[in-house]
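Everything on this sheet refers to the single structure shown next.
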Amino acid sequence: MRALTFHGTQDVRVETVPDPEIVNPRDAILKVTSTAICGSDLHLYDGVIPAVMQGDILGHEFMGEVVETGPDSTLRKGQRVVVPFTISCGRCFFCEKQQYSACDNSNPADKQDMSEKMYGHAMSALFGYSHLTGGYSGGQAEYVRVPFSDIGPILVPEGLEDDKVLFLSDILPTGWMAAENAEIEEGDTVAVWGCGPVGLFAVQSALIMGAEQVIAIDHYPNRLDLAKTLGAKAINFRESNVREALMEMTGGIGPDAVIDAVGMEAHGFAVDNMLDIAKQKIGFGADRASALKQAILSCRKGGRVSMPGVYGGMTDKFPLGALMEKGLTVKTGQTHVQRYTHDLLERIENGEIDTTFLISHRLPLEKAAEGYKNFHDNQNEWTKVVLKPGMETSSP
């Protein structure tokens, strides 16, 4: 089959690789019909996530048609499903608490030591996202093996095209959980750092959950326009002092809740951020957390901090005193996708949530490397890239 493989920093290639096979009784094999490039994939592309090996198949946002099943799978051949990016067994201590992204059994035992040393506990498994998270092949491919296929994959009703449901795999539930973690109350002002896919879905979710005012912060005009289309107010951090603007927009109090949808590769020319950029490039593993720091300093006293943005290492000059003295509550973590998919699917079917506005480009799988480069370099215009295996390379 054809698949996108990793070969080094900003070097990804579509190559012919062996087809996946059933390994465990609960496995299924999917023929991928749509797969997307995620902002988190760019952390791999930039080489800031450790334990990505040459030849690894990337991609964790995908859906497709079931073509083969193990004897204990609950799926059937011919069904269309969206697959959560988190691989979860459904039966461990954490899965039974619906904390699916903390699953204890999905990351193979021989892979767990790497993340346990870094984080104190082993990470659960994710598709296509380094050997810290199990080394599973991702879905930017013609076919993919889905472990624990009886837990998580959601059946797609007839009549719903891929574009409407693909983002149930990751970014829609991630944006929803980000807003849920912000504990939004009636009359709240919520500020969202980053108008990438997760940030835009966090904006959309916060408004659905009843926020009176949502303020989107970015520097890409097109992304800010998309946020305004959803109903948010906008701050361009290249043109305004963000904290001063937020204070003015909230009567001098600050936002009730802040959402960091940026993560470990924040932009900005502050001295500490520029130092972190240098450290990342030479392998020190320093996360660029300037967006999170700004969010903490901007949040009102007694407010809430939600962190859907991906972080993987350490950060310098963290405003721990502000966090404590202001009495802020922090909630973060990889998304418990399986907890949210049924509710969100109903909202899509009912027309309450539309996700298709986000898609700027649809490309054949064979042009995946081009998609990565443009999604990385031209983020104002390339808001979301969907790859289609089997699509003619001459198609627009």
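Being assigned to a loop (DSSP other than H, G, I, E, B), farther than 16 Å from Ser130 by Cβ and either in contact with a Pro (Cβ under 9 Å, 6 or more places away or on another chain) or of a type in the set (Phe, Trp, Tyr) (or both) is the filter here; which residues of the stretch 95-116 pass it? The answer is none; no residue qualifies. Consider the stretch 246-257 and keep the residues that are open to solvent by less than 20 Å² (accessible area, probe 1.4 Å) and of a type in the set (A, V, I, L, M, F, W, C). The one that is farthest from the chain's Cα centre (by Cα) is Leu246. Limited to the stretch 322-346, what total is found for residues that are in contact (Cβ under 8 Å) with a residue 40 or more places away in the chain and on the phi < 0 side of the Ramachandran plot? Within the stretch 322-346, residues that are in contact (Cβ under 8 Å) with a residue 40 or more places away in the chain and on the phi < 0 side of the Ramachandran plot number 14. Return yes or no: is Ser88 in contact (Cβ under 8 Å) with a residue 24 or more places away in the chain, more than 25 Å from Thr355 (Cβ to Cβ) and open to solvent by less than 60 Å² (accessible area, probe 1.4 Å)? Judged against the criteria, Ser88 is not a match. Residues that are part of a loop (DSSP other than H, G, I, E, B) and more than 19 Å from Asp260 (Cβ to Cβ) within the stretch 327-350 comprise just one, Asn350. Considering the stretch 222-243, and only residues there that are small (Gly, Ala, Ser) and under 10 Å from Cys195 (Cβ atoms), the residue that is most open to solvent (accessible area, probe 1.4 Å) turns out to be Ala234. Checked against the criterion of being assigned to a helix (DSSP H, G or I), hydrophobic (A, V, I, L, M, F, W, C) and either over 18 Å from Leu200 (Cα atoms) or open to solvent by 20 Å² or more (accessible area, probe 1.4 Å) (or both), the stretch 369-391 contains one or more residues that satisfy it. Within the stretch 143-169, the residues that satisfy the criterion of being within 30 Å of Ala109 (Cβ to Cβ) and either open to solvent by 10 Å² or more (accessible area, probe 1.4 Å) or over 17 Å from the mean Cα position of the chain (by Cα) (or both) are Tyr143, Val144, Arg145, Val146, Pro147, Phe148, Ser149, Asp150, Ile151, Gly152, Pro153, Ile154.
Among the residues of the stretch 368-390, the one identified as touching a Gly at 6+ places or on another chain (Cβ under 7 Å) and farther than 17 Å from Cys195 by Cα is Leu387.
Taking Lys97, is it open to solvent by 80 Å² or more (accessible area, probe 1.4 Å) and touching a Ser or Thr at 6+ places or on another chain (Cβ under 7 Å)? No. Between Val52, Val23, Val17, the distinction of being open to solvent by less than 30 Å² (accessible area, probe 1.4 Å), closer than 18 Å to Tyr143 by Cβ and either of a type outside the set (Phe, Trp, Tyr) or more than 20 Å from the chain's Cα centre (by Cα) (or both) belongs to Val17 only. Just one residue in the set Met324, Met307 is closer than 16 Å to Ala257 by Cα, modelled with pLDDT of 95 or more and open to solvent by 60 Å² or more (accessible area, probe 1.4 Å); that residue is Met324.
The values are calculated or read from the model by the stated rules, or taken from the named source; none is laboratory data. All values derive from a computational prediction rather than experimental measurement. Cβ sites come from the backbone with ideal geometry, for glycine too, and all protein chains shown count toward neighbours. Areas reflect the complete protein model, heavy atoms only, side chains present, ligands, DNA and RNA absent. Shrake-Rupley method; radii C 1.70, N 1.55, O 1.52, S 1.80 Å.
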